[in-house]
1. Show the residues, 5+ positions off or on another chain, whose built amide H is closer than 5 Å to the amide H of residue 121.
2. Heavy-atom accessible area of residue 129 with all protein chains present, probe 1.4 Å, nearest 10 Å²?
3. Hey, any idea what % of region 257-395's accessible area is carbon plus sulfur with a 1.4 Å probe?
Amino acid sequence: MRGGVVNAFGFLKSDKRLLRAEPDFRPMARLLQVNWLYVLLVCLLAGVGYIALYSAGGGSAKPFAGPQIVRFGFGLVMMIAVALVSPRILRLVSVPMYLLSIALLGLVLRMGHVGKGAERWINLAGMQFQPSEFAKIGLVLMLATWFHRIGNERMGNPLRLVIPAILTLLPVVLVLKEPNLGTATIIGVIGATLFFAAGMRLWQIVILVAPTPFLGKFIYGHLHDYQKARIDTFLHPEHDPLGAGYNIIQSKIALGSGGMWGEGYLHGSQGQLNFLPEKQTDFIFTMIGEEWGFAGGIAVIGLLIVLTLGATLIAMRSRNQFGRLLGLGIAMDFFLYCAVNLSMVMGAIPVGGVPLPLISYGGSAMLTMMFGFGLLMSAWVHRNERDPGFEDEDD
């Protein structure tokens with residue numbers, strides 16, 4: 001591989017040789033090495049989601065809490081199964097998964113389901129699926145595999161960054177065309193995080209970031225009308241209290257009415273009387289704040305922080321580049337989910353339609369996040385594995 005442009009699919013041959021060399025998978029031994037404390041915390045977060053969705057359903061498991069817990073059960077099994085998969089196998093499937101995610105994003109633009117002014121879903125076997133969620137996982141796998149292959153010492157060559165930059169920009173552009181500015185931004189930040197974690201040089205980062213302040217006016221001029229309305233509403237929600245500003249005003253009222261200890265479970269006035277829109281999805285944390293108060297909201301935020309830090313520590317414990325980047329990508333995905341949603345419902349940023357992971361109602365975000373946690377557990381289970389001489393192989 002020395003002295004030439006990196007072959008985008010060259011790592012497949014190397015991984016196949018390594019896979020043949022070590023066929024012993026030992027699933028039961030791997031199962032015992034799963035970080036069960038982290039799995040317990042994930043279950044605890046899903047339990048918070050069930051309780052909140054039960055309240056959002058008016059004190060009933062239907063229509064939100066029941067289907068959500070079924071999805072979580074399926075996702076939990078998937079998470080454990082993925083945790084047992086060797087990183088070598090994950091690297092082998094990274095290219096097909098990435099290409100599949102791009103194909104699904106293209107399919108959305110041709111025959112996707114339109115909801116609330118955006119075309120973000122496709123129907124698969126009678127169920128709605130949001131490919132942009134899957135695209136985040138596909139990108140994390142692809143970039144982790146790529147940077148694992150080229151190694152840190154080769155990051156100083158700008159040519160090594162051209163292909164991963166294209167791999168990152170492609171899903172960003174396709175998601176922007178849906179349009180879905182919030183998710184496109186998250187995908188871009190995840191990609192940038194992996195570039196930095198892979199050893200991108202400081203001068204490269206400066207060159208990449210320098211034009212950003214000058215792009216603001218250009219980007220704003222190309223936003224859709226509803227996206228501009230969200231920014232204007234964020235700055236001046238009182239200008240249209242019964243229209244575009246209604247959601248965020250009701251969210252602030254609900255959070256404020258919760259006080260320190262909340263109005264009581266199933267007794268939140270804004271949520272139970274249906275003044276709060278999208279209370280089962282985007283604004284589920286507002287219901288928690290109203291019924292459980294500041295104390296309950298801080299407890300939930302604390303749990304989210306513990307899960308984020310835990311994911312980061314799991315990533316840093318990996319002794320191979322692939323595991324570190326894979327874990328950091330999933331940790332950043334989870335963090336951005338939480339940060340954007342919480343900032344949105346508190347009025348700190350414009351409303352963007354980003355759910356709170358494992359708490360908000362929805363199948364695509366739930367299952368892709370559980371798959372991501374499975375990848376994180378795989379990085380933990382196989383954290384001590386090394387590929388001797390892997391980065392030094394010639395093409």
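1. HN-HN under 5 Å from residue 121: 113.
2. Only protein atoms counted, so the area is about 50 Å².
3. 66
The values are calculated or read from the model by the stated rules, or taken from the named source; none is laboratory data. Note that the structure is predicted; figures quoted are calculated from it, not measured. Each accessible area value is taken on the protein alone, full model and side chains, heavy atoms only, with ligands, DNA and RNA left out. Shrake-Rupley method; radii C 1.70, N 1.55, O 1.52, S 1.80 Å.
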